[in-house]
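Notes follow once the structure below has been shown.
The values are calculated or read from the model by the stated rules, or taken from the named source; none is laboratory data. The shown structure was predicted, so the numbers you read here are calculated from the model rather than taken from an experiment. Cβ sites come from the backbone with ideal geometry, for glycine too, and all protein chains shown count toward neighbours. When the accessible area is computed, the model is the full protein with side chains, heavy atoms only, and any ligands, DNA or RNA have been set aside. Shrake-Rupley method; radii C 1.70, N 1.55, O 1.52, S 1.80 Å.
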Amino acid sequence: MEMTKRGVPGVWTYGFYDGWTPNYMFFVAHGHNATGRFYEVQSYGPDTSTVTTVQSREWFRPNPTIGPIPWGPRNNTNIQQSAILFSLQHMAKNRDFWLENYWIKNKRAVDKGKNGPTYAWVIPATQRRKSDAADAVNELLDQGLEFHTANTAFKAGTVDVKPGDYIIRGDQPYRTVADIYFSVQRYATANPSPYDDTGWTFQYLRDIAIQTVTDKSLLTQPMTEVKGHVTAPGGLNGTGPVVIVEHTGDNSVITFRYKLKDVKMAAAEDDFDAAGKRFKAGAIVIQNADAAKIGPVLKELGLSAWAVATTPTVRSHDLDIPRILYLHSWNRTQDEGWVRGSLEAYGIPFTYMGDKELAKMPNIRSRYDVVIYPHVSGTAQSMVAGVTAPGNTPLPYKSTKEFPALGYPDSTDDIRGGMGIEGLMNLYKFVQEGGMLMTEGATSSLFPEYNLSPGVTVETPTGLFARGTIVRGLITDARSPIVYGFTETQMPVYFSTAPVLNVGGGGLAAFGGGGGRGAAVGQNTQPMASAPPVSSIAIGGVAPEPVGGAAGGGRGGRGGRGAAAGGEVPPEAAAFGGGGRGGRGGNVDNTPQARVIMRFPSDTTQMLLSGGLAGGAALSNRVQLLDSPIGKGHVVSFAIRPFWRWQTQGTYSLGFNAIMNWNDLDAGRTPVPTP
């Protein structure tokens, strides 16, 4: 308004976009009872150019931009600075109004917790992923939520609370954070195509149990306020020269491995009994253990281990530390940065390199054991081609005297070009010679599209809408090292549109649907008029909560067949259509078949957990996680996105397990019969 008053052309207030997902900075304000407004400025880049957009004159835009105008970084910055100064001036002039507004919102949030129907949330402290549960508590503490721990055991409605369990009281000012994060989203696909993700349910993406309390008596139970970051209960129990570390699927398991990288460790390939308890496959066995060295690390990470007198009799393999090459594309580094950040956060060292360098690396295997190639937007062909630009002028990305901050964490004299066919074949040779390639998202289509993954096809179904959504994943090969620590037969996973992978199946029709921003610009006043049904899922042994009622949403706007490959399907997974038995042999030349580790359900009514989904039949029994043996090595392909925006911690361990067991991925596979 102020800029319009001053005659600045092309500015207006009443625009609309599908702001369903709470992932912009102003949602920090919304979650903490302040007020946020979202404005955008015409982009540029990187140099000044002519903008030819012609705007119409409307009641909300009395002074439109007319005709082509030169536009660049200075214009963009000037507009932003002016808008910020006007906003600060407005707040200063109306401080009493905004302070009262803030106080009323806080008071109403507290009253909401006192009056119900949701009085609290409980996060069990000793659930299977107890270390990840503590990490989630710390993340929420950092965002302003108040926590308590239960002093005694009690029952609140249907929720059994144990001493030490984490409690989020509903009668606190910032409960809105919990309301937004813990809700189940039901995005009506009749709405315009969303700007971003449609599902973000916190406990699903972290694969931890969070229980809703609808019994007011909890508020009067004895509890102690949490004053700082928490650590899950852990440490070393008992005495003896052999230490057995329980693999719980916690992400800190890989941190434990790297913190003690010089200690020889082995992973059990079967369940076994020791120290009076049952250990699942994946438990880490350390012989001649130094308790004084190992114990403090376990306690720091919230992991539990038991010392025993003798080494358990169980098949095992060494957990060898791999040399990791991390590839990025110069086309787009934003998405892969979340994968890189996850590795750094959990202490996994790697060499960071642009994928175009593969063209000059015929002997990758001599230098690296594992190559990680995260999602790159585009097709397999565009990944191989890399950055294309007209002319012969190099496009450098490197630190200079004028721009010292550039050139980090990687630099190049010219971002143009890609790995090319030569680099692709060097990568293929790396796998053949015993390396492990891990891909996720679009990069999982690279080898299949170039016919380098036998029996694996990429399908392009029509009518599929699955934009950033949370779906059910069925673990169909529970003996694979990639799912060590995951004791359930199903789990929530994040999937977004593509790739749709199949083993042994043919392709479908041309792709359609599921795009990004929709063409509609009008305001939708009934975004939940046709909210889709969602299914429920049990996490950590806790019975699922009903989800068929109210739809969840953010504070913003408007809103087959399977081949016989993979392990035996557990009964619980089979109930949702987990596919056949498969995975018990090889192909005609005795080469092992691709091993399907996780699949989509066959029953489309059991796919969607939170978000939006249409045309789910195209995903029926399709692959979510695949282990493809090629030569002496393996390609681990995620059609899902296990490392997405520091949100999907629940699936990080799938990738971490692949790294820790990189040269023993055939463990648990039934041997191919000798002819």
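Give me the pairs, please: first residue somewhere in the range 631-652 and on the phi < 0 side of the Ramachandran plot, second residue anywhere and open to solvent by 10 Å² or more (accessible area, probe 1.4 Å) and among the small types (Gly, Ala, Ser), beta-carbon distance under 6 Å, and either six or more positions apart or on two chains.
Every condition considered, the pairs that remain are Lys632/Gly434; Gly633/Gly434.
Since Ile348 meets every condition but one in (1) open to solvent by 50 Å² or more (accessible area, probe 1.4 Å); (2) part of a loop (DSSP other than H, G, I, E, B); (3) modelled with pLDDT of 95 or more, which condition does it not meet?
Going through the list (1) open to solvent by 50 Å² or more (accessible area, probe 1.4 Å); (2) part of a loop (DSSP other than H, G, I, E, B); (3) modelled with pLDDT of 95 or more, Ile348 breaks only (1).
Do we have Met598 as modelled with pLDDT of 95 or more and out of contact with any helix residue (DSSP H, G or I) (no Cβ under 6 Å at 6 or more places or on another chain) here?
yes
If you go through the range 40-84, how many residues are hydrophobic (A, V, I, L, M, F, W, C), in contact with a Phe, Trp or Tyr (Cβ under 9 Å, 6 or more places away or on another chain) and assigned to a loop (DSSP other than H, G, I, E, B)?
Number of matching residues: 2.
Might you let me know whether the range 85-106 holds any residue that is in a helix (DSSP H, G or I), surrounded by 12 or more Cβ atoms within 10 Å (Cβ to Cβ) and of a type in the set (A, V, I, L, M)? Please lay out each step first, then the result.
Quick first cut of the range 85-106, residues in a helix (DSSP H, G or I) only: 85-93, 95-106.
Keeping just the survivors that are surrounded by 12 or more Cβ atoms within 10 Å (Cβ to Cβ) gives 86-87, 90-91, 98, 101-103, 105-106.
Then drop every residue that is not of a type in the set (A, V, I, L, M), which leaves 91.
Yes: one or more hits.
Consider Arg467 carefully, then state whether it is charged (D, E, K, R) and assigned to a loop (DSSP other than H, G, I, E, B). Break it down stepwise before answering.
On the way: charged (D, E, K, R): yes; assigned to a loop (DSSP other than H, G, I, E, B): yes.
Here the answer is yes, as Arg467 does meet what is asked.
Please work out which residue is nearest to Glu100 (Cα to Cα), limiting yourself to the range 14-31 and to residues that are open to solvent by less than 40 Å² (accessible area, probe 1.4 Å) and assigned to a loop (DSSP other than H, G, I, E, B). Even if it seems obvious, please write down each step before you answer.
So the first thing to find is which residues in the range 14-31 are open to solvent by less than 40 Å² (accessible area, probe 1.4 Å), and the list is 18-22, 26-27, 29-31.
Imposing the further condition that a residue be assigned to a loop (DSSP other than H, G, I, E, B) reduces the set to 18-22.
On the way: Asp18: 29, Gly19: 27, Trp20: 27, Thr21: 27, Pro22: 24 Å.
It comes out as Pro22.
How about the range 167-184: which of its residues are in a loop (DSSP other than H, G, I, E, B) and touching a Phe, Trp or Tyr at 6+ places or on another chain (Cβ under 6 Å)? Working first, answer last.
Taking the range 167-184 as the starting set, the residues that turn out to be in a loop (DSSP other than H, G, I, E, B) are 170-174, 183-184.
Correct list: Gly170 only.
Do we find a residue being within 18 Å of Gly540 (Cβ to Cβ), modelled with pLDDT of 95 or more, surrounded by 16 or more Cβ atoms within 10 Å (Cβ to Cβ) and touching an Asp or Glu at 6+ places or on another chain (Cβ under 9 Å) anywhere in the range 135-142?
Yes, some residue in the range 135-142 is within 18 Å of Gly540 (Cβ to Cβ), modelled with pLDDT of 95 or more, surrounded by 16 or more Cβ atoms within 10 Å (Cβ to Cβ) and touching an Asp or Glu at 6+ places or on another chain (Cβ under 9 Å).
Criterion first (of a type outside the set (Asp, Glu), more than 28 Å from Asp335 (Cα to Cα), in contact with a helix residue (DSSP H, G or I) (Cβ under 8 Å, 6 or more places away or on another chain) and buried (at least 20 other Cβ atoms within 10 Å of the Cβ)) does Arg206 satisfy it?
Working: of a type outside the set (Asp, Glu): yes; more than 28 Å from Asp335 (Cα to Cα): no; in contact with a helix residue (DSSP H, G or I) (Cβ under 8 Å, 6 or more places away or on another chain): yes; buried (at least 20 other Cβ atoms within 10 Å of the Cβ): yes.
For Arg206, the condition - of a type outside the set (Asp, Glu), more than 28 Å from Asp335 (Cα to Cα), in contact with a helix residue (DSSP H, G or I) (Cβ under 8 Å, 6 or more places away or on another chain) and buried (at least 20 other Cβ atoms within 10 Å of the Cβ) - is not met.
Can we say Thr439 is part of a strand (DSSP E or B), in contact with a Phe, Trp or Tyr (Cβ under 9 Å, 6 or more places away or on another chain), within 18 Å of Arg332 (Cα to Cα) and at pLDDT 95 or above? Before you say what the answer is, go through the steps one by one.
On the way: part of a strand (DSSP E or B): yes; in contact with a Phe, Trp or Tyr (Cβ under 9 Å, 6 or more places away or on another chain): yes; within 18 Å of Arg332 (Cα to Cα): yes; at pLDDT 95 or above: yes.
Yes, satisfied.
Of the numbered conditions (1) part of a loop (DSSP other than H, G, I, E, B); (2) open to solvent by less than 10 Å² (accessible area, probe 1.4 Å), Ser444 fails exactly one; give the number of that condition.
Against the list (1) part of a loop (DSSP other than H, G, I, E, B); (2) open to solvent by less than 10 Å² (accessible area, probe 1.4 Å), Ser444 comes up short only on (1).
Looking at the range 400-409, can you tell me whether even one residue there is crowded, with 18+ Cβ neighbours inside 10 Å, on the phi > 0 side of the Ramachandran plot and either out of contact with any Asp or Glu (no Cβ under 6 Å at 6 or more places or on another chain) or not in a loop (DSSP other than H, G, I, E, B) (or both)?
We begin by selecting, within the range 400-409, every residue crowded, with 18+ Cβ neighbours inside 10 Å; these are none.
Scanning the range 400-409 turns up no residue that is crowded, with 18+ Cβ neighbours inside 10 Å, on the phi > 0 side of the Ramachandran plot and either out of contact with any Asp or Glu (no Cβ under 6 Å at 6 or more places or on another chain) or not in a loop (DSSP other than H, G, I, E, B) (or both).
Is it the case that some residue within the range 23-34 is touching an Asp or Glu at 6+ places or on another chain (Cβ under 7 Å) and under 30 Å from Phe202 (Cβ atoms)? Spell out the reasoning first.
As a first pass, look at the range 23-34 and keep what is touching an Asp or Glu at 6+ places or on another chain (Cβ under 7 Å): 23.
The next check asks that each one be under 30 Å from Phe202 (Cβ atoms); those that pass are 23.
Scanning the range 23-34 turns up at least one residue that is touching an Asp or Glu at 6+ places or on another chain (Cβ under 7 Å) and under 30 Å from Phe202 (Cβ atoms).
Can you confirm whether the range 473-490 contains a residue that is in contact with a Phe, Trp or Tyr (Cβ under 7 Å, 6 or more places away or on another chain), in a loop (DSSP other than H, G, I, E, B) and either more than 29 Å from Val384 (Cβ to Cβ) or at pLDDT 95 or above (or both)?
No, there is no match, as no residue in the range 473-490 is in contact with a Phe, Trp or Tyr (Cβ under 7 Å, 6 or more places away or on another chain), in a loop (DSSP other than H, G, I, E, B) and either more than 29 Å from Val384 (Cβ to Cβ) or at pLDDT 95 or above (or both).
Quick check on the range 191-201. Is at least one of its residues touching a strand residue (DSSP E or B) at 6+ places or on another chain (Cβ under 9 Å), surrounded by fewer than 19 Cβ atoms within 10 Å (Cβ to Cβ) and more than 30 Å from Ile254 (Cβ to Cβ)? Break it down stepwise before answering.
Of the range 191-201, the ones touching a strand residue (DSSP E or B) at 6+ places or on another chain (Cβ under 9 Å) are 193, 197-201.
Among the residues that remain, those that are also surrounded by fewer than 19 Cβ atoms within 10 Å (Cβ to Cβ) are: 193.
Still in the list and also more than 30 Å from Ile254 (Cβ to Cβ): 193.
Yes, some residue in the range 191-201 is touching a strand residue (DSSP E or B) at 6+ places or on another chain (Cβ under 9 Å), surrounded by fewer than 19 Cβ atoms within 10 Å (Cβ to Cβ) and more than 30 Å from Ile254 (Cβ to Cβ).
If I filter the range 3-13 for residues that are within 35 Å of the chain's Cα centre (by Cα) and not in a helix (DSSP H, G or I), do I get at least one hit?
In the first step, residues of the range 3-13 are kept if they are within 35 Å of the chain's Cα centre (by Cα); the result is 13.
Subset that is not in a helix (DSSP H, G or I): 13.
There is at least one residue in the range 3-13 that is within 35 Å of the chain's Cα centre (by Cα) and not in a helix (DSSP H, G or I).
Return a yes/no flag: does the range 54-69 have any residue that is modelled with pLDDT under 85 and open to solvent by 60 Å² or more (accessible area, probe 1.4 Å).
Within the range 54-69 (the criterion being modelled with pLDDT under 85 and open to solvent by 60 Å² or more (accessible area, probe 1.4 Å)), the answer is yes, since at least one residue qualifies.
Let me spell it out: the conditions are (1) of a type outside the set (Lys, Arg); (2) outside any loop (DSSP other than H, G, I, E, B); (3) closer than 18 Å to Ile475 by Cβ; (4) under 15 Å from the mean Cα position of the chain (by Cα), and Ile640 meets all of them except one. Which number is the exception?
All conditions pass for Ile640, except number (2).
Per-residue answers, yes or no, for (1) open to solvent by 10 Å² or more (accessible area, probe 1.4 Å); (2) hydroxyl-bearing (Ser, Thr, Tyr); (3) under 30 Å from Asp335 (Cβ atoms):
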{"residue": "Pro222", "(1), (2), (3)": "yes, no, no"}
{"residue": "Thr248", "(1), (2), (3)": "yes, yes, yes"}
{"residue": "Met265", "(1), (2), (3)": "no, no, no"}
{"residue": "Arg278", "(1), (2), (3)": "yes, no, no"}
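Any chance the range 185-196 includes a residue that's modelled with pLDDT of 95 or more and in a loop (DSSP other than H, G, I, E, B)?
no
May I ask you to verify whether Glu300 is modelled with pLDDT of 95 or more, open to solvent by less than 50 Å² (accessible area, probe 1.4 Å) and not polar (S, T, N, Q)? Steps first, answer last, please.
Numbers: modelled with pLDDT of 95 or more: yes; open to solvent by less than 50 Å² (accessible area, probe 1.4 Å): no; not polar (S, T, N, Q): yes.
Criteria not met by Glu300.
Every residue in the range 607-646 that is more than 17 Å from Thr460 (Cβ to Cβ), of a type in the set (Gly, Ala, Ser) and surrounded by 24 or more Cβ atoms within 10 Å (Cβ to Cβ), please.
Ser610, Gly611, Gly612, Ser628, Gly633, listed by residue number.
Taking the range 111-135 on its own, how many of its residues are closer than 13 Å to Lys216 by Cα and in a loop (DSSP other than H, G, I, E, B)?
Qualifying residue count for the region: 4.
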